[in-house]
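Novice: My questions will all concern the structure given below.
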Amino acid sequence: MPEIGLKIRAYRESMSLSRAEFAAKLGEKPSKIQDVETGKQRINDLFLIKLADIFPIDIGDLFRNKSLNPSADDHRSIKTAPPNQENFISIPRYDVAASAGHGSLAESEEGTGHYAFNQSWLARRNLQPSNLAVIAVRGDSMEPELYDNDLILLDKSQTEPRDGEMFVVRHSNDLFVKRIQKAPGNRYALKSSNRFYDTIPVEKPELADLEFIGKVVASMHEW
């Protein structure tokens, strides 16, 4: 979609930002911004979410026959301006890492930003924004479904384990993202997608130390 890239370039230039400055605010490389603006690289959902999160921009205007015209003061508040588009809802990201490996975890309950999600997309999936959180994935045990540093959207209201579905769970003081396998006798197994990782069985008395934090309802991966 080269026309979208051209709009992004025009928006960047209207704020007198170099590609390097624009890329730094998005946490990207200048070469990627160049490829996006020239249409050499596809613009994926994660890039759009980051764009809406950091810049006061209506993402819908990228896909409409409408130019992007930020005010002269927009660039002064880029770092703190939350997404305020009519069709988007801001979901908090927390400084929590769910391990997709052997259980290492760096955890803090402090928010570290927001990501913008389309209201109609959430409504079609019966997801309530107040129940949602974005967290990161650490490790490679869920590849190829999830990769290290991917972001996942977590529905904290869905805590009833379902066989075969992906959940974030706390087990033995570690936070994991795994697929759940139910077994007779109220037993569970935490399954990895990567065949090089063993299944983690959870049986009595360990069940008392197993907490289902929420269901994974979406993931965001940067190619």
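Novice: Restricting to region 47-59, give me the number of residues that are under 11 Å from Ala116 (Cβ atoms) and either at pLDDT 75 or above or not in a loop (DSSP other than H, G, I, E, B) (or both).
Specialist: Of all residues in region 47-59, those under 11 Å from Ala116 (Cβ atoms) come to 48-55, 57-59.
Add one more test, that the residue is either at pLDDT 75 or above or not in a loop (DSSP other than H, G, I, E, B) (or both), and what stays is 48-55, 59.
Residues in region 47-59 being under 11 Å from Ala116 (Cβ atoms) and either at pLDDT 75 or above or not in a loop (DSSP other than H, G, I, E, B) (or both): 9 in total.
Novice: Can you go through Ser192, Ser172 and tell me which one is surrounded by fewer than 17 Cβ atoms within 10 Å (Cβ to Cβ) and in contact (Cβ under 8 Å) with a residue 60 or more places away in the chain? Break it down into steps so the answer makes sense when it comes.
Specialist: On the way: Ser192 fails: surrounded by fewer than 17 Cβ atoms within 10 Å (Cβ to Cβ).
Just a single option satisfies the conditions, and that option is Ser172.
Novice: Contact list please: Cβ distance under 6 Å, first residue in region 122-134 and outside the structural domain of Ile49 (by TED's automatic domain parsing), second residue part of a loop (DSSP other than H, G, I, E, B) and not β-branched (Val, Ile, Thr), pairs at least six apart or on different chains.
Specialist: The qualifying pairs are Asn131/Lys156; Asn131/Ser157.
Novice: Just to verify a result, which residue in region 201-217, among those that are of a type in the set (A, V, I, L, M) and modelled with pLDDT of 90 or more, is surrounded by the fewest Cβ atoms within 10 Å (Cβ to Cβ)?
Specialist: Going through the qualifying residues, I end up with Val217.
Novice: Which condition number does Phe196 fail, the rest of (1) closer than 28 Å to Tyr115 by Cβ; (2) out of contact with any Pro (no Cβ under 8 Å at 6 or more places or on another chain) being met?
Specialist: All conditions pass for Phe196, except number (1).
Novice: Same structure, new question: Taking only region 2-28 into account, find how many residues are at pLDDT below 85 and among the aromatic types (Phe, Trp, Tyr).
Specialist: 1
Novice: Select from region 18-46 the residues that are out of contact with any Ser or Thr (no Cβ under 9 Å at 6 or more places or on another chain) and among the aliphatic types (A, V, I, L, M) and write down the one among them that is farthest from Gly113 (Cα to Cα).
Specialist: Val36
The values are calculated or read from the model by the stated rules, or taken from the named source; none is laboratory data. These numbers were taken from a predicted model, which means no experiment stands behind them. Cβ: placed from backbone, ideal geometry, glycine included. Neighbour counts: every protein chain shown.
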